[in-house]
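Enquirer: Handing you this structure, nothing more for now.
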Amino acid sequence: MRGTNLRILAVVLGTLALYTLIANAIPQVQSEVPQTLTLGANVTPEQLVAAGEKVFTGIGGCTTCHGLGTRAPNLLTDEKGAGPIGARCAKREPGKSCKQYLYESLDQPTAYVVQGYQPIMPVMTRQLSPQQIWAVIAFLESQGGTVDVAASDIPAQTTTPAGASGGGGAAPFAGGSTDPKAIIQAAGCTGCHTIDGQGAKIAPDLTHVGSRRNADSIRKKILDPASSTVKGYERFAGIMPKTFGTLMSATQLEALVQFLAAHR
Amino acid sequence: MSDVALALQAAADSLPAYRDFPGIGARAAVWITAEVHLMFAAFVLGVPMFAVVTEAIGIFNKEERYDRLSKEFTRLLLVAYSATAIWGALLTMFLTTLYPRFWRYLAAIFGPSMWLYAGLFLFESFTLYLYYYGWDRWKHGRAKWGHWGLGILLNVWGTIVMFIANSWLTFMMSPPRDITPTTDPTTVKLWHVIANATWMPVNVHRLIANVVFGGAVVAAYASYRFLSAKTDEERAHYDWMGYVGNFIAMSALIVLPFAGYWLGREIYQYDQSMGITLMGGFMSWLWVIQAFLIAVLFLTGNYYLWLGMERIPGAERFRPYTKWLLAILVLGAIVWGTPHTMIADSKELAAMGGSHHPFLGALGVMSAKNTAVNLMILTTFLSFLLYRRANKRPVVPWARAGTLVQAAMFALAAAVVLFFGIRGYFVEAIVRIGFSVYQVLAVLTCIVSVTVIDVFMSRGAQSLGTIQWGKMPPRSQYALFVLAVTFTWLMGLMGFARSGIRQYWHVWQVMQDTSRYAATPALGYAAKMISACVLIFLVLIAFVFWLGGLAEKSTFVASAPKEGVHAGH
């Protein structure tokens, strides 16, 4: 009986050891708590690149789509023979340097959409602080290109924490405009919605939204996107940013609500 | 507010957010107690489900051995219940002392359901005692039906208790979107938070998983009794019990991925970023480990069946097929374990030459993986079918036609699985996801219809000999231990996945974890924790079984006839 017990013990311990060893042999990735990024005036390109990589693979959530090869262009590896992003960014838009192009793609992602992909990228300047944005640009430039981001590119006194929006000396939303079309462009609504024939079809078409919802309902949906979900779009529930209420001024919100309510 | 109330409020406000636990830290202390409690809870919830079913088989078929088996299952529960309660109390103590503010937040929302939980646990315990100790008293006639009703009631209490506990943990994962960090927890409607997005999928997933787990642990218990048996009769009994336990575990395991798929879908619908963290984010490597564990389960489960055929006269007819079944299982496991969407740094991406491996990347996509796992399920079912038919020769006039129809159904199901697997490479992701439903339906339809045909075809079948229960090589019993350890480890791993996708949040995007343990650990650390939990559980459950054996002899020893070698399955 002693022999049987020992054999059972060996089987149990051996099985546990095998699983533990395999799990320890694979790459170890720990999910860190995001830290607020603080860069000094003498920050070096290397420090920017290192900080940018952390944002890219962490709080930025960039790897959610970039790198899968299906939702968005690969950035760290070759994309259709053009090399990684650092090697191709200066050739994307005529007259725009790599740095300008990358900033534009983070600030106004729908301004230029790579052929074959949908305009689904959120406006990252609303989700990340300017320091994080410029660190990401430096990191992307380092992928096959030359890093020319410098401390002077980063606005002073802008220490908006990760995840926060607006505030902290940031420019007013849509330049303070109350023109609904300017607000729609700044908010990137057409990244997911179609309105008057423009935009993507990921979320419900807004061209006749006024016939489905009244002004109160539209306002509620903008302020609290999870309050309701149009039938047929349940799988995209949760995608719409919840930050519009804090980004827009009350005047801008009302201008947008009345504009959409009039779209019958 | 009275002075006393003010004093209490002041005391509550001055609570520290966290305290530490000596040696292993607060997180590890809560992790171990929660996991071991959960393992015992899964066992005491899973076993009554099939105890009631086997008791019903005994009543309807008038087969005493099923009744004895059911009683033996229940006997294992008695001390395990106490262990569940002790670990539950430890968990509550650790939560209240190590995470006091978080506990206060949860209690403010779920207070009434916590009282109900405690009350129902008492009802459940008393029902169990009545069920077990009344077994011989209410053994015949109408009293037996009443006794069976107690078994049903035991399951009802247990299921409600589990649903209540699930509401707390699923709230942490998927709180309703109108609850924000500034929401006063005392103003939240209880049902609103209970019926959160992942509550019902987790309920269903756990119900099935508990049966799998209970079956595997019972099989391991039986295998130990088999290995230590002193007589052939005892060995035969525990061989049969091990077979039944393993059959229960493997049958429920086949359904489990579909419940898991539903849960995954709900997680994605609730919050895409959470879903992507789970499947393609920092947890992506976890699925490779899961694939390895599932491969071990399929291979070991089939190996046990193939060894079992050696004790069945007539089974030698099917032995030549074994190598082909093994080949399909191994190939399926390799495809299923192929990594695809992994978190990789720039050096790793450069080394691969892209985001996916140039050759293996094609095998790592869901089209290939779904195809592989569905074919593995079909293969396992075929193994079981061959086992079931091993000592029978059908005598119904349509036996040949029936067998041909069964073969055609297998071929058709495999063809449907392969067709949609290949077609999936040429359509968009949203269309491809829908294909998995057709694959699953094809496999389930095949399993159900082939089983129905087989049941009718085996009526009055000629026996090629009696199953020689007890004539199993010892390695078959060690295989049952490997299955039990693997099921338990898998449960710990998937628990880590479910809990870990909250990352640095106690309650997702509502209450942040600001403790020193807020970062979610890598798989290596998690694996050590899981192994420690499994070892603690196995040692304790062995002790519990031994303790139960001290108080009362096995139901087999007490009441089995001396010539009681089982003749069928």
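Enquirer: Please determine, by comparing only the residues of region B:499-540 that are among the hydroxyl-bearing types (Ser, Thr, Tyr) and at the interface with another protein chain (Cβ under 7 Å from one of its Cβ atoms), which one is farthest from B:Trp31 (Cα to Cα).
Expert: My answer is B:Tyr504.
Enquirer: Can you find, within region B:186-203, the residue that is nearest to B:Ser499 (Cα to Cα) among those that are touching a Leu at 6+ places or on another chain (Cβ under 8 Å) and assigned to a helix (DSSP H, G or I)?
Expert: B:Val202
Residue-by-condition table, conditions (1) closer than 23 Å to B:Ile536 by Cβ; (2) at pLDDT below 95; (3) of a type in the set (Asp, Glu):
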| residue | (1), (2), (3) |
| --- | --- |
| B:Thr33 | yes, no, no |
| B:Gly46 | yes, yes, no |
| B:Asn61 | no, yes, no |
| B:Glu124 | no, yes, yes |
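Enquirer: Out of A:Thr190, A:Thr158, A:Thr146, which single residue is at pLDDT 70 or above, assigned to a loop (DSSP other than H, G, I, E, B) and surrounded by fewer than 19 Cβ atoms within 10 Å (Cβ to Cβ)?
Expert: Criteria check complete, one pass: A:Thr146.
Enquirer: Among the residues of region B:133-149, write down those that are surrounded by 18 or more Cβ atoms within 10 Å (Cβ to Cβ) and part of a helix (DSSP H, G or I).
Expert: Listed by number, the residues that qualify are B:His147, B:Trp148.
Enquirer: Now, a different point. Give the residue that is nearest to B:Ile289 (Cα to Cα), with candidates limited to residues of region A:8-32 that are at the interface with chain B (Cβ under 7 Å from one of its Cβ atoms) and surrounded by fewer than 17 Cβ atoms within 10 Å (Cβ to Cβ).
Expert: Result: A:Ile22.
Table: residues versus (1) surrounded by fewer than 17 Cβ atoms within 10 Å (Cβ to Cβ); (2) in contact with a helix residue (DSSP H, G or I) (Cβ under 6 Å, 6 or more places away or on another chain); (3) in a helix (DSSP H, G or I).
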| residue | (1), (2), (3) |
| --- | --- |
| B:Tyr387 | no, yes, yes |
| B:Val395 | yes, no, no |
| B:Arg400 | yes, no, yes |
| B:Ala411 | yes, no, yes |
| B:Val416 | no, yes, yes |
| B:Arg423 | yes, no, yes |
| B:Arg432 | no, yes, yes |
| B:Ser436 | no, yes, yes |
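Enquirer: Which of the residues spanning region B:179-217 are within 19 Å of B:Leu297 (Cβ to Cβ) and either surrounded by fewer than 17 Cβ atoms within 10 Å (Cβ to Cβ) or of a type in the set (S, T, N, Q) (or both)?
Expert: The one that is within 19 Å of B:Leu297 (Cβ to Cβ) and either surrounded by fewer than 17 Cβ atoms within 10 Å (Cβ to Cβ) or of a type in the set (S, T, N, Q) (or both): B:Asn210.
Enquirer: Within region A:34-52, can one find any residue that is touching a residue at least 12 places away in the same chain (Cβ under 8 Å), within 25 Å of the chain's Cα centre (by Cα), facing chain B (nearest Cβ under 9 Å) and in a helix (DSSP H, G or I)?
Expert: No - not one qualifying residue is present in region A:34-52.
Enquirer: For region B:465-498, enumerate the residues that are among the polar types (S, T, N, Q), more than 10 Å from chain A (Cβ to nearest Cβ) and touching a helix residue (DSSP H, G or I) at 6+ places or on another chain (Cβ under 8 Å).
Expert: If the condition is that a residue be among the polar types (S, T, N, Q), more than 10 Å from chain A (Cβ to nearest Cβ) and touching a helix residue (DSSP H, G or I) at 6+ places or on another chain (Cβ under 8 Å), then B:Gln468, B:Ser476 are the ones that fit.
The values are calculated or read from the model by the stated rules, or taken from the named source; none is laboratory data. In this text the structure is predicted, and so the values were computed from the model without any measurement. In this analysis, Cβ positions are derived from the backbone assuming ideal geometry, glycine residues included, and neighbour counts consider all displayed protein chains.
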